[in-house]
Each structure stands twice: as C-alpha cells, then as structure tokens.
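Report on one structure; see the data block that follows.
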Amino acid sequence: MIPITRPFVGEEEARAAAEVVRSGWLSQGACVQRFEEAIASRLGIRHAIATTNCTTALHLALIAAGVGPGDEVICPSFSFIATANAIVHAGATPVFVDIDPRTYTIDPALVERAISPRTRAIMPVDQIGLAADIPAIRAIAARHGLRVVEDAAPALGATIGETPVGALSDFTCFSFHPRKSITTGEGGIIVTDDDAAAGHLRAIRSHGASLSDLARHGAATIVEEEYHELGYNCRMTDIQAAIGLIQLEKLDTILAERRRLALRYTALFAGHPRIAPPYEPPGRQHTYQSYCVRLSTRKPLLQVRQEMADLGIATRRGVMAIHLQAYYRQRMPDVVLPETERATEETLLLPLYVGLSEEEQQRVVEALDRVVR
C-alpha cells in the first residue's frame, strides 16, 4: 500500500530523543526553550510558545486574544474539526463562512458580511498548506477592531510574497503532527509579537504558574511559583522538542521535495478531463501537506477511495465540512455553504511525502485515471 504520508525521520531524531531520555529532564525544559527560539528566529517573530498540539495552541491563542463566552469567531467550515472545536472550548461560537472554490480558503468578502456586534476574532485556515488571504483578512480585522488567530496547522514554511506565514497575524498556530511540514509526533506552537500575550500564554499553558519549572530549578535561591488564574496543562516535552530541532534543520529539504513532487503530479494530470490539480495563487507558496485534486465523476468520493485502496493506494477526503458533522449540525441546522459542500464531495488527497518514488507517483496517477474514467 502506498500511504497517504510518511514522516521524514531517521537516526538523528532517535539520537536526539535518546539524549533527552538520558539527561533525566523529560518534560518541558531547556530543549523546548531552544525549539521555541529556533521557530521564532526562523519566522522573524519575537515569541513562540510550544504546546501539546495545534488544537490546544488555537484554544490558548483565542483566550489570549480575549475570546470568551458570548463571543463569536468567524472561521471556515472547510477544515479539520479542531478549528471549530477550539472556538467552542474557549466558550465562544464559531460562525462558519464559505470558501474560495479555487484555494479552498476562507472568502474575505464573506468574512466582512458575517461580522456582528458579538464578533471578537477571525480564524482563517491555511488549507492543506496554502495560506489564506491574510492581508485582506487583516485589513477587515483592523477596520472592525478584531483579532486574527490564524490556524496554520499545515503551513510552516508557506509564504505570502516574501513574508513567512506566522509573521502576519496577531497569533499563528502550527501543528507538528506527522502529516505536517515537520513533526514532533504530536505538538503545536503559537507565534506572536505581542509581549503581554506571550507571557500570558506561557503561564496558562502550565496551569497558570507564574514561573516555569526550568526557571524555578535554575534559580540561585529557593523560589516558589504562584497561581493567579486558571490554567491548563498544555506543555510540550523536551523529548518532542529534541525531535523538532532536528526536523527544523530538514524543513527546507522537506518543502523542496514536496514541491517537486507536487509540480510533477500537476504535470502528469495536465489536461485531464476529470482531475483538476490544486491552484496556487500568485504570491502564495504552498507547503503541500498533501496533493489535493478535484474530481469530476459520477462516483461518490467514498467509492473512489475504496477503489483506490483496492489498487493499493491510500487517499483521504479533501477536507471535511465541519457544519455537516453531527455535533455542529444539531446546533446549527440551517447553515448552508455551497462551495464548502461541493468541495467536500469532490476533493481528494493523494500520497505526497519525502521518499515517494516517481514510480509510485506514476502508479497513483494511473490508478486515479482508471478509477475516475
């Protein structure tokens, strides 16, 4: 079976993790701090705050942005369910708006129309590794006094013009799940230039403690942490961070190879009557977490996926429509998003990862051609 993805990890990551294990300090410590500093340096941002995963990163970033009960946060429905769940966990209500049918990212024109007196923030999603139109969303947010919390889970390494994703929004959250640009197994990070918010985030990710364990153990005199607010346990471990530091050294190699393979797919599918390759707008560079095609076929997507699996090739649906999932459908039965719903029925993710051979890629193309015809 050709898998949908495979992490690009090796002995370097294993050695780095083993060194942490041998050190005796396994939880959040100096290695996490080095990883945060490396991410912040890469993006040209003052602060990076590591967390257990991108969902908790989004949740904490919303809290730092002042989002709470009674508030609304505008977001796309075409995303992984964690986008909306983080908003609900913060006590707010997600307000779903439709997407641009070419980029699959939130439509800025519809964002402006969805703003109400209860709107506190906008959460664009950088879908499958392609940045949303963040400059347009920032302009809307500025006009209405809103914060932008960017769900950039698969977009570490993506750019808008010369600017890296992570350097434009009030808060940007990345994921280190094995399907993303780089991995720590699980893990996430929030980046921001807001000094006060960064301090708040570092406290609430660790139960609200006024001092980290690293600072407390490194102090020359005995000091005790204090707890002035309710916090959470969302700390990354040093084992994960050690892997992340090695992975970060490989990021450019990973992005370049994913891009090479993606452009090869596009060339192989060129002119196909039933398979449309992904669209990359001028000035926005994709990370290609996966290769997303749009199909024109009478077969239901589930049947296409089963036939591909029968041919030895793993696929995934493009992205879900969150508003059609049972939890949200029960609470928002009247939401209708035509472009989101069409994209959910017609998009398919194909295998893409460092190590995918050209022969395997050819198999994927030939199999999909056979299935859709």
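The values are calculated or read from the model by the stated rules, or taken from the named source; none is laboratory data. Nothing here was measured: the structure is a model prediction, and the numbers come from that model. In this analysis, Cβ positions are derived from the backbone assuming ideal geometry, glycine residues included, and neighbour counts consider all displayed protein chains.
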> Residues of region 165-182 being in contact with a Leu (Cβ under 9 Å, 6 or more places away or on another chain) and buried (at least 21 other Cβ atoms within 10 Å of the Cβ), which ones?
Replying inline: Val165, Gly166, Phe171, Thr172, Cys173, Phe174, Ser175, Phe176, Lys180, Ser181, Ile182
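Looking for whichever is at negative phi, surrounded by fewer than 13 Cβ atoms within 10 Å (Cβ to Cβ) and either at pLDDT 95 or above or among the basic types (Lys, Arg) (or both) here; the options are Pro338, Pro351. Which one fits?
Pro338
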> Does Leu349 count as closer than 25 Å to Asp107 by Cα and over 21 Å from the mean Cα position of the chain (by Cα)?
Replying inline: no
> How about region 296-325: which of its residues are at pLDDT 95 or above, crowded, with 19+ Cβ neighbours inside 10 Å, of a type outside the set (Ser, Thr, Tyr) and closer than 29 Å to Leu156 by Cα?
Replying inline: Arg305, Ile313, Ala321, Ile322, His323
>> Looking at Ile39, Ile49, can you tell me which residue is of a type in the set (Val, Ile, Thr), on the phi < 0 side of the Ramachandran plot, assigned to a helix (DSSP H, G or I) and modelled with pLDDT of 95 or more?
In response: Ile39
>> Being more than 22 Å from Arg294 (Cα to Cα), at pLDDT 95 or above and outside the structural domain of Tyr328 (by TED's automatic domain parsing) is the requirement here; does Val125 meet it?
In response: no
> For Ala86, are the conditions met, namely being assigned to a helix (DSSP H, G or I), in the same structural domain as Phe174 (by TED's automatic domain parsing) and not aromatic (Phe, Trp, Tyr)?
Replying inline: yes
>> Here is a list: Glu19, Glu11. Which entry is more than 22 Å from the chain's Cα centre (by Cα) and within 30 Å of Gly312 (Cβ to Cβ)?
In response: Glu11
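Just name the residue that is surrounded by the fewest Cβ atoms within 10 Å (Cβ to Cβ) out of those in region 29-83 that are charged (D, E, K, R) and either under 19 Å from the mean Cα position of the chain (by Cα) or not assigned by TED's automatic domain parsing to the domain that holds Arg120 (or both).
Here the answer is Arg42.
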>> Could you list, ordered by first residue, the pairs with Cβ atoms under 9 Å in which the first is in region 318-342 and polar (S, T, N, Q) and the second is surrounded by fewer than 20 Cβ atoms within 10 Å (Cβ to Cβ) and part of a helix (DSSP H, G or I), at least 6 apart or interchain?
In response: Thr340/Leu324
>> Can you find a residue that is without any contact (Cβ under 8 Å) to a residue 12 or more places away in the chain, under 30 Å from Glu345 (Cα atoms) and of a type outside the set (Ser, Thr, Tyr) anywhere in region 65-88?
In response: yes
> Can you tell me which residues in region 220-235 are out of contact with any helix residue (DSSP H, G or I) (no Cβ under 7 Å at 6 or more places or on another chain) and surrounded by 13 or more Cβ atoms within 10 Å (Cβ to Cβ)?
Replying inline: Arg235
>> For region 286-306: of the residues being in contact with a Lys or Arg (Cβ under 8 Å, 6 or more places away or on another chain) and not β-branched (Val, Ile, Thr), which is farthest from Ile254 (Cα to Cα)?
In response: Ser296
> Inside region 125-136, can you point out the residues that are buried (at least 22 other Cβ atoms within 10 Å of the Cβ) and within 18 Å of Asp193 (Cα to Cα)?
Replying inline: Ile134
>> Tally up the residues in region 214-268 that are outside any helix (DSSP H, G or I) and among the hydroxyl-bearing types (Ser, Thr, Tyr), please.
In response: 4
>> Could you check region 328-373 and list, in sequence order, the residues that are closer than 22 Å to Thr287 by Cβ and not in a helix (DSSP H, G or I)?
In response: Thr347, Leu348, Leu349, Leu350, Pro351, Leu352, Tyr353, Val354, Gly355, Leu356, Ser357
> Which of the residues belonging to region 2-28 are in a helix (DSSP H, G or I), surrounded by fewer than 17 Cβ atoms within 10 Å (Cβ to Cβ) and in contact (Cβ under 8 Å) with a residue 24 or more places away in the chain?
Replying inline: Glu12, Glu19, Val21, Ser23
